[in-house]
Amino acid sequence: MSDGLARALDAEIVVQGVICVEHEGRRAEVEVVEADRLAVRVMRVRVVAGGGASPAGGAGPAGGRSESLHETATRLAEAFRGLPERMIPIEVSPTLGGAVLRSAPEDVRDREYFEARTDGRVTDLERIHAPAGEERRAVPFTLTRETLRRIVERVGSG
Amino acid sequence: MTLNIDQDVQRFRNIVKGRVRKDLKKFMSDGEMIGKQGDKYVKIPLPSINIPRLRYGKNESGGVGQGEGEGGEEMPGEGQKAGNQPGEHEVEAEVSLEELAQILGEELQLPRIEPRGKKQIAAAHDRYTGIARIGPNALRHTRRTFQASLQRQIAGGTWDPSRPMLVPTKEDMRFRSWKSKQEPQSSAAILYVMDVSGSMGKEQKEIVRLEAFWIDTWLKANYKHLEARYLIHDAAAREVDRDTFFRVKESGGTLISSAYALVERLISEHYPPEEWNLYVFQFSDGDNWSSSDTKTCMDMLRTRILPKVNLFAYGQVESEYGSGQFFQDIAKEFNGDERVAISRIPDRGAIMGSIRDFLGKGR
């Protein structure tokens, strides 16, 4: 199902701007800066999983929800394996209903890293530049179309 | 020749102080000294001088200066092998925490803290100012005892100036006695708050530990009665002991308002502002979970915490992932407020400047 989402997204990415596709209750949103036949340069990738698949959603007990969020974070770390840097869960907070994943510290180069935030259903991926003593800001990053397809497919398959 | 040991000790202490002064920045960013901290002293390493001495060797056994050699010829000897002799140990000297605080104050030009007017509580002090007829022998006042004995003998006509001899009786005995005096004493409490969420690493906690040591040292020199409380938080806040404070690692998200709520509760339950000088030192990487929580924090600070404290200090340490937005938010909100001190601490080298930012206000 998500594979369909990834393929639909890939077909849509031809120009710059925010590309948004939906497929069987899942949605992918990509802010494209530049694209060619092989790769895309993006500012942000957002994947919204279907309502039924939301680990943080549902009316289950709080304990069950907390476990699901940890599981989601672990699954996302695996889903982002196509990125050039290994992603690890940094903060997982069932209380706050979300998790933050970032590039592993040993992979951070030139004060840039990937950051993914999820509430269990909506997941955002950005690349952050954090100069010393200055504010952090999102910067564009390049992915091959193949990597983008795989990320959208895996993240959306939760 | 007799050496005046006191002069030598004083000279040694001056050398030690000079070394601390010279390398203060290094000591401030180096945890080694804190690792050797006692209740009243810290140990600092001192360079030692090896005094040269003559050593006698065997003649004509080869070696440098023992005949002709060819270019590239190896020197005789064992080569690069691991040694089996004990190494030299660094000499350490003790410096009292008062001396350390004095050096810190002088080097950073820190103003003495002026306790707030009413923030004083009465403390009882015993002072030996009186004389009593009964007491333990350890407190016997010899001069007054003999005076009493002399008075008794003169009054009784038994005093013979040509044969002066005093034999004190039990009634002549005089003893030092004390009076308890209530003296006002300034009391202070420090509340250390640290973000221990997943984004705070080991190095960040080490920086906080070093900062806390120097802040403690300075405030202890300014207040006789100082209490420290340690609070940690991720999405929830709790109080811990000092050891846990510096070692605990959590992986939750950062909700700074949870810590502020605990600070407020502790103050209202234990530290009435009219009796205590209150200091809050907060350390975080500034990665608050949401901007709405940051807004809550600003409200809590302005209305519920700042009116009760002498100083609220916020130190933002920088992790591998840079530092968050909270610093800018707090700087914008409380720009020019004397009760708020903020500082960025990107690395250990910045600790000295950060201490100056925090304590330079003399509050």
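The values are calculated or read from the model by the stated rules, or taken from the named source; none is laboratory data. Note that the coordinates shown come from a computational prediction; the quantities given were computed from them, not determined experimentally. Quick reminder, even Gly has a Cβ in these numbers, built from the backbone with ideal geometry, and neighbours come from all protein chains shown. Protein only, heavy atoms only, side chains kept; ligands, DNA and RNA dropped before computing areas. Shrake-Rupley method; radii C 1.70, N 1.55, O 1.52, S 1.80 Å.
Data table
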{"read-out": "Pairs where the first residue, in the range A:2-22, is part of a helix (DSSP H, G or I) and the second is hydroxyl-bearing (Ser, Thr, Tyr), C-beta under 6 Å, 6+ apart", "value": "A:SER2/A:SER157"}
{"read-out": "Selection from the range A:75-103 of residues that are farther than 20 Å from A:PHE141 by Cα and within 12 Å of chain B (Cβ to nearest Cβ)", "value": "A:PRO89, A:ILE90, A:GLU91, A:VAL92, A:SER93, A:PRO94, A:THR95, A:LEU96, A:GLY97, A:GLY98, A:ALA99"}
{"read-out": "Evaluation of B:HIS233 against (1) more than 23 Å from B:ALA350 (Cα to Cα); (2) of a type outside the set (Asp, Glu); (3) away from chain A (no Cβ under 14 Å) (one fails), failing number", "value": "(3)"}
{"read-out": "Residues that are in a helix (DSSP H, G or I), over 13 Å from the mean Cα position of the chain (by Cα), at pLDDT 50 or above and more than 23 Å from B:ALA236 (Cβ to Cβ), drawn from the range A:45-79", "value": "A:GLY51"}
{"read-out": "Filter pass, B:ILE342 being under 25 Å from A:PRO131 (Cα atoms) and without any contact (Cβ under 8 Å) to a residue 60 or more places away in the chain", "value": "yes"}
{"read-out": "Residue within the range B:214-225 that is within 25 Å of B:SER323 (Cα to Cα), of a type outside the set (Asp, Glu) and part of a helix (DSSP H, G or I) present", "value": "yes"}
{"read-out": "Residue in the range A:80-89 that is open to solvent by 50 Å² or more (accessible area, probe 1.4 Å), within 20 Å of A:ARG150 (Cα to Cα), modelled with pLDDT of 90 or more and part of a helix (DSSP H, G or I) present", "value": "yes"}
{"read-out": "Test for B:MET1: is it more than 25 Å from B:LEU108 (Cβ to Cβ) and at pLDDT below 70", "value": "yes"}
{"read-out": "Top-ranked residue of the range A:104-119 - restricted to ones that are open to solvent by less than 30 Å² (accessible area, probe 1.4 Å) and under 11 Å from the mean Cα position of the chain (by Cα), ranked as nearest to the other protein chains (Cβ to nearest Cβ)", "value": "A:GLU115"}
{"read-out": "In the range B:338-361, the residues that are open to solvent by 60 Å² or more (accessible area, probe 1.4 Å) and within 20 Å of the chain's Cα centre (by Cα)", "value": "B:ARG348, B:ARG356, B:ASP357, B:LYS361"}
{"read-out": "Some residue of the range B:264-281 being within 14 Å of chain A (Cβ to nearest Cβ) and hydroxyl-bearing (Ser, Thr, Tyr)", "value": "no"}
{"read-out": "Qualifying positions in the range A:120-129 - crowded, with 19+ Cβ neighbours inside 10 Å, part of a strand (DSSP E or B) and not polar (S, T, N, Q)", "value": "A:LEU125, A:GLU126, A:ARG127, A:ILE128"}
{"read-out": "Subset of the range A:122-150 (residues that are farther than 30 Å from A:GLY4 by Cα and of a type in the set (Gly, Ala, Ser))", "value": "A:ALA130, A:ALA132, A:GLY133"}
{"read-out": "Sole residue being in contact (Cβ under 8 Å) with a residue 12 or more places away in the chain and more than 26 Å from B:ARG348 (Cα to Cα), chosen from B:LYS224, B:LYS249", "value": "B:LYS224"}
{"read-out": "Any hit, the range B:321-331, residues being surrounded by fewer than 20 Cβ atoms within 10 Å (Cβ to Cβ), farther than 26 Å from A:ILE90 by Cα and of a type in the set (A, V, I, L, M, F, W, C)", "value": "yes"}
